[in-house]
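Here is the structure we will look at, set down as structure tokens.
Computed from the coordinates by the stated procedures, all read-outs in this text should not be read as laboratory data. Predicted model, so just to flag it, every value in this text is computed and none were measured. A quick note on method: Cβ atoms are made from the backbone with ideal geometry, for glycine too, and the neighbour counts reach across all protein chains shown.
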Amino acid sequence: MGKKTFELSTEKKAPMVIELRRKGATYRQIAKWLNISVRDISKILKEHEIKGYAERIEERLAKLEEKIDGLAKIVRTGFASSGVTFICPFCGNLSKFVYDKSKKLCVCKNCGKTI
Ligand SMILES: [Zn+2]
């Protein structure tokens, strides 16, 4: 590590901290090599961990939304074509799904909302 590394801001050192840690360096080694406090290393790694966690949740959420959209479509069209009645979660009335041409969706015949 040259002099330039020592002069970098903590923010700029973050990717190096993450990489060194990934390669198995200890907090003490990273602190020495990058001239950074153990507290800052801890903060950087925690933020990195949270960011990764958030990204995984977003991916799973997107997949779930896709599944729910598909299921909702099956339920709407299935209920509509078979004439099944249900308690609408939006208006609370006993209802059926009917096809709404303008929305191009099957909606509650009472309130016009849909899942
Ligand atoms: Zn309704």
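Worth a mention:
- Taking all pairs of distinct alpha-carbon atoms in the chain, Kirkwood radius in angstrom: 18.6
- Rotationally averaged projected area of region 62-115 (alpha carbon convex hull; nm²): 3.7
- In terms of other Cβ atoms within 10 Å, 99, 53 run from fewest to most in the order 53, 99.
- Counted by Cβ distance under 12 Å from residue 62, the other residues give a net charge of -2, where Lys and Arg count +1 and Asp and Glu count -1.
- Tilt relative to the chain, helix 38-82 - C-alpha long axis, 0 to 90 degrees, to 10: 10
- Shape annotation for region 3-63: C-alpha extents along the principal axes are 46, 21, 18 Å, from largest to smallest.
- Arranged from fewest to most other beta-carbon atoms within 10 Å of their beta carbon, 75, 107, 84 become 84, 75, 107.
- Rel. contact order, % - alpha carbon contacts under 8 angstrom, at least six apart, the chain: 14
- With K and R counted +1 and D and E -1, the other residues having a Cβ less than 15 Å from that of residue 92 yield a net charge of +3.
- Over 18 Å (Cα to Cα) - which of 13/46; 73/113; 67/103; 67/101; 67/96; 12/43 fall in this group: 67/103; 67/101; 67/96
- Only one residue of 54, 107, 24 has its Cα farthest out toward the positive end of the dipole of the chain, where Lys and Arg carry +1 and Asp and Glu -1 on Cβ, and that residue is 24.
- Cα-Cα pairs of region 28-88 separated by more than 13 Å (percent): 74
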